[in-house]
Protein chains: 2
Amino acid sequence: MCDEDVPADDQLRRSFTSLWEQLAPIGRAPSGGYRRFSWTPADLELREWFTAQAAARGMSCERDRNGNLWAWDGEPGPGAVVTGSHLDSVPDGGAFDGPLGVVSGFLAVDLLRARGVVRSRPLAVVDFADEEGARFGVACIGSKLLTGALDPDRARSLRDEDGTTLAEAMQRAGADPALLGRDDAALARIGTFVELHVEQGRGLVDTGQPVGVATAIWPHGRWRLSFRGEANHAGTTRLADRHDPALPFAATVLAARELAARAGAVATVGRVQVTPNGTNAVPSLVEAWLDARAPDEATLSAVVEQVTSAADRAAGEHGVRLDVVAESATPVVGFDSALQDRLARVLREPPRLPTGAGHDAGILAEAVPTAMLFVRNPTGVSHSPAEHAETDDCVAGVEALAAVLADLVRG
Amino acid sequence: MCDEDVPADDQLRRSFTSLWEQLAPIGRAPSGGYRRFSWTPADLELREWFTAQAAARGMSCERDRNGNLWAWDGEPGPGAVVTGSHLDSVPDGGAFDGPLGVVSGFLAVDLLRARGVVRSRPLAVVDFADEEGARFGVACIGSKLLTGALDPDRARSLRDEDGTTLAEAMQRAGADPALLGRDDAALARIGTFVELHVEQGRGLVDTGQPVGVATAIWPHGRWRLSFRGEANHAGTTRLADRHDPALPFAATVLAARELAARAGAVATVGRVQVTPNGTNAVPSLVEAWLDARAPDEATLSAVVEQVTSAADRAAGEHGVRLDVVAESATPVVGFDSALQDRLARVLREPPRLPTGAGHDAGILAEAVPTAMLFVRNPTGVSHSPAEHAETDDCVAGVEALAAVLADLVRG
């Protein structure tokens, strides 16, 4: 049968599945999760996919100075309605975090065209570079450079685990790192930004709704704790003679959980590097990264202060030196309340909810009216191969995004 | 002035310094320590150095089926007196652990010749392959294969962090892994084995003596603890919904220290691998290696049992699964008491002391009469770039070894 005979919902479901299957093999790890790190071959393949999607729709496609990709429906220009997200992943991340927003953006463009929506503004789909920060340790690099929130000199000199700088990685991929930095011309074109994203908790599960509107992003940050002790032989060094940095590190992992729980915040130590990391060697150095988030900035500061104090005390007990570096700190982001209300009206009052996760939308919100839509995550699991969303919910997300974009491009 | 005018002690000191300086640059890491892992380019360079030392002395040199190098003074044959140690290192290890025994072996051969000692037995210097187990996770691979304590099929399939098997690594280095296994012909030649080694604790410091005789090696082992939780987003997953394996892991690090201290044993967690090891990801897996040692086997078993029980309880509290694998367990080694007494007589009753460190001598002791000499370590620091021994003490070690070997090759 030809497409005209297929119910609209089934057509959209088919289109969604088709795009989803194109992305499925790219950057897939043996775990079943994804390792789509910026400027790697997997990332370049994703960028080619984006460019091909734009071309297939007759949308003009450009890479801006900061490596973000833009697909334009209509002439690029001021007041544009922009949607999109990112295509990169955390190590062994899920399929939905990021790509769902980009795929939904292209499908929403298709729906608007199929429904004959008359635009009075240009519409764009964007793929922001390196949202997860998995390779160079700083999140939202593309959107932060765009808005000026990240210094281009600092960005260029960020190094990955192999010692490759972002500048070198961009050059190898054929991009010019000399152009990095706040891009007023690109920013001036954005009238409104709406990012659709899979929810990363169970907020929508509790409401029974497939789509919600974001209210705010919790303030959050990353702190690197370096515990410096003294390397030694694990068999022959008396316990009393040791300066073992693994001990205050372990105490800190437990303290972080306890103190965050008491404060209604979250704190995680999910990344650790031990030197020399030998079975029969007392380590000389344990580096650990604390990720902490809280409903408000005062709570976040208090929790981080308490955790680093506990780490300091534990380090002192073992003759270990502690250095703490704040690698990033992002203040609370409250999304534009007029825009939230407008989305809520269009979508007939869906649930509204905050999130503990950072997003490019959180960076854009500092510069332009910005909103987010969340799609239900049945388990709440994210940053994991097991991250999932039902196809019905993804289709509902595309419909909601299309309704919101239709409203915005008309106005 | 020519060598004849130099006091004997100064000549030996010069010879020692000269050999030591030849080894100093090989496999040196930016830390100032060494990364001399088996069958890597650094290891091959050390093997070439060994071969050149044998050649310079007119000693025949052979690599046995298990990759151990032998330099022979006299025709290889039964009843031989063998000395030596290993040239590989732990990650960022010190210069002395291993190489001091090999260098001292060659210098002792020189002294015996200079002093006209008449041998009634052949004498050999040996370099055992991969004593530290830094690359393939099993210690004393060369000596264990020689005596049959390590199954050759298991050895061939051991993998390094990059997934390379020992068999592949040997093949790339031009050695035939098909030959691995108990080597009765090589074993039958060894009459006595004496290993000189830098002390790895402060036992000799307390006695004020530069050289001591080993009594025993504490029983010791390595256990791999795998804590399997659930990967998740560090920002959006409620603490109550998490199965974070970092928490029971941390509790285990602290428990191991506490329980070992109570038992008069030592326990160390110096090696950790976190998956996926991302700052904003609750880990799915934390693998940790427990190194534990005690004066006797009952105490060791009790400590390991208590630590794994504590780990199990902590894992249960967090909905995390724990698997424990004993990767190696070495029973107590008491060195041959008649041989100990003979060495003590020759050296005029030096201090006798046990050690918590495993050695090739501990493996050989199961097959042939074996003894060890320790050279004073002023700080007790080992498995660290800061590992040190005074040159005067190293020279005293060579003299002691030469005296012992002279006594043994005559008898």
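The values are calculated or read from the model by the stated rules, or taken from the named source; none is laboratory data. Every value quoted in this text rests on a predicted model; they were computed, and no experiment measured them. Every residue, glycine as well, gets a Cβ built from its backbone with ideal geometry; the counts of neighbours run over all protein chains shown. The accessibility values were calculated without ligands, DNA or RNA, using every heavy atom of the protein model including side chains. Shrake-Rupley method; radii C 1.70, N 1.55, O 1.52, S 1.80 Å.
If only residues of segment A:134-148 that are surrounded by fewer than 24 Cβ atoms within 10 Å (Cβ to Cβ) and not in a helix (DSSP H, G or I) are counted, the one that is farthest from the other protein chains (Cβ to nearest Cβ) is A:148. Does residue B:238 satisfy being open to solvent by 40 Å² or more (accessible area, probe 1.4 Å), out of contact with any helix residue (DSSP H, G or I) (no Cβ under 8 Å at 6 or more places or on another chain) and at the interface with another protein chain (Cβ under 8 Å from one of its Cβ atoms)? The answer is yes for residue B:238.
The residues in segment B:56-72 that are over 30 Å from residue A:278 (Cβ atoms), out of contact with any Phe, Trp or Tyr (no Cβ under 6 Å at 6 or more places or on another chain) and open to solvent by less than 20 Å² (accessible area, probe 1.4 Å) can be counted, and the count is 1.
Residues that are within 14 Å of chain B (Cβ to nearest Cβ) and of a type in the set (Val, Ile, Thr) occur at least once in segment A:351-359. Applying the criterion of being outside any loop (DSSP other than H, G, I, E, B) and among the acidic types (Asp, Glu) to the residues of segment B:376-393, the residue that is surrounded by the most Cβ atoms within 10 Å (Cβ to Cβ) is B:393. Taking the conditions (1) farther than 23 Å from residue B:186 by Cβ; (2) modelled with pLDDT of 95 or more in turn, residue B:46 satisfies each one other than (1).
The rows are residues; the columns are (1) within 23 Å of residue A:130 (Cβ to Cβ); (2) of a type in the set (A, V, I, L, M, F, W, C).
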residue: A:282; (1), (2): no, yes
residue: A:291; (1), (2): yes, no
residue: A:295; (1), (2): no, no
residue: A:300; (1), (2): no, yes
residue: A:313; (1), (2): no, no
residue: A:320; (1), (2): no, yes
residue: A:325; (1), (2): yes, yes
residue: A:328; (1), (2): yes, no
residue: A:357; (1), (2): yes, yes
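Of the set (1) part of a strand (DSSP E or B); (2) charged (D, E, K, R); (3) within 14 Å of chain A (Cβ to nearest Cβ), all apply to residue B:162 but (1).
Filtered by the rule that a residue be within 19 Å of residue B:112 (Cβ to Cβ) and surrounded by 12 or more Cβ atoms within 10 Å (Cβ to Cβ), segment B:15-27 gives B:15, B:16, B:19. For segment A:253-271, the set of residues classified as open to solvent by 20 Å² or more (accessible area, probe 1.4 Å), facing chain B (nearest Cβ under 7 Å) and touching a Pro at 6+ places or on another chain (Cβ under 9 Å) consists of A:271 only.
The set of residues in segment B:233-267 being farther than 16 Å from residue A:252 by Cα and among the β-branched types (Val, Ile, Thr) consists of B:236, B:237, B:266.
Taking only segment B:56-70 into account, find how many residues are touching a residue at least 40 places away in the same chain (Cβ under 8 Å) and in a strand (DSSP E or B). Total satisfying the criteria: 3.
Residues in segment B:217-254 that are in contact with a Lys or Arg (Cβ under 9 Å, 6 or more places away or on another chain) and of a type in the set (S, T, N, Q): B:226, B:232, B:236, B:237.
The single condition among (1) facing another protein chain (nearest Cβ under 7 Å); (2) open to solvent by 10 Å² or more (accessible area, probe 1.4 Å); (3) at pLDDT 95 or above that residue B:305 does not satisfy is (1). Can you say whether residue A:177 is touching a strand residue (DSSP E or B) at 6+ places or on another chain (Cβ under 9 Å), over 27 Å from residue B:231 (Cα atoms) and modelled with pLDDT of 95 or more, as far as the supplied structure shows? So residue A:177 fits the description; yes. Against the test of being more than 11 Å from chain A (Cβ to nearest Cβ), outside any strand (DSSP E or B), within 25 Å of residue B:295 (Cβ to Cβ) and touching a residue at least 40 places away in the same chain (Cβ under 8 Å), the options B:196, B:225, B:187, B:204 yield a single qualifying residue, B:204.
Tell me whether segment A:309-326 contains one or more residues that are at the interface with chain B (Cβ under 8 Å from one of its Cβ atoms), assigned to a helix (DSSP H, G or I), among the charged types (D, E, K, R) and surrounded by fewer than 24 Cβ atoms within 10 Å (Cβ to Cβ). Walk me through how you get there before you give the answer.
Our first condition is that a residue be at the interface with chain B (Cβ under 8 Å from one of its Cβ atoms); within segment A:309-326, this holds for none.
No: segment A:309-326 contains no residue that is at the interface with chain B (Cβ under 8 Å from one of its Cβ atoms), assigned to a helix (DSSP H, G or I), among the charged types (D, E, K, R) and surrounded by fewer than 24 Cβ atoms within 10 Å (Cβ to Cβ).
Listed here are the residues, each with its yes/no results for (1) away from chain B (no Cβ under 14 Å); (2) surrounded by fewer than 18 Cβ atoms within 10 Å (Cβ to Cβ); (3) touching a His at 6+ places or on another chain (Cβ under 9 Å); (4) over 17 Å from residue A:362 (Cα atoms).
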residue: A:171; (1), (2), (3), (4): yes, yes, no, yes
residue: A:177; (1), (2), (3), (4): yes, no, no, yes
residue: A:192; (1), (2), (3), (4): yes, no, no, no
residue: A:200; (1), (2), (3), (4): no, no, yes, no
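Scanning segment A:243-252 for residues that are surrounded by 24 or more Cβ atoms within 10 Å (Cβ to Cβ) and in a helix (DSSP H, G or I) gives A:246, A:247, A:248, A:249, A:250, A:252. Once segment A:328-375 is narrowed to residues that are outside any helix (DSSP H, G or I), of a type outside the set (Lys, Arg) and over 20 Å from the mean Cα position of the chain (by Cα), the residue that is farthest from residue A:408 (Cα to Cα) is A:351. Residues that are touching a Gly at 6+ places or on another chain (Cβ under 7 Å) and more than 28 Å from residue A:237 (Cβ to Cβ) within segment A:251-286 comprise A:266, A:270, listed in sequence order.
Listed here are the residues, each with its yes/no results for (1) more than 19 Å from residue A:398 (Cα to Cα); (2) assigned to a loop (DSSP other than H, G, I, E, B); (3) open to solvent by less than 40 Å² (accessible area, probe 1.4 Å).
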position: A:44; (1), (2), (3): yes, no, no
position: A:54; (1), (2), (3): no, no, yes
position: A:76; (1), (2), (3): yes, yes, no
position: A:102; (1), (2), (3): no, no, yes
position: A:112; (1), (2), (3): no, no, yes
position: A:119; (1), (2), (3): no, yes, no
position: A:124; (1), (2), (3): no, no, yes
position: A:132; (1), (2), (3): yes, yes, yes
position: A:150; (1), (2), (3): yes, yes, yes
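Just to be sure before I move on: is residue A:236 within 30 Å of residue A:318 (Cα to Cα) and outside any helix (DSSP H, G or I) in the structure I sent? Walk me through how you get there before you give the answer.
Details: within 30 Å of residue A:318 (Cα to Cα): yes; outside any helix (DSSP H, G or I): yes.
The answer is yes for residue A:236.
In this structure, is residue B:64 out of contact with any Ser or Thr (no Cβ under 8 Å at 6 or more places or on another chain) and at pLDDT 95 or above? If you could, list the steps in order and put the result at the bottom.
On the way: out of contact with any Ser or Thr (no Cβ under 8 Å at 6 or more places or on another chain): yes; at pLDDT 95 or above: yes.
Here the answer is yes, as residue B:64 does meet what is asked.
All of (1) among the small types (Gly, Ala, Ser); (2) open to solvent by less than 10 Å² (accessible area, probe 1.4 Å); (3) more than 14 Å from chain A (Cβ to nearest Cβ) hold for residue B:281 with one exception: (3).
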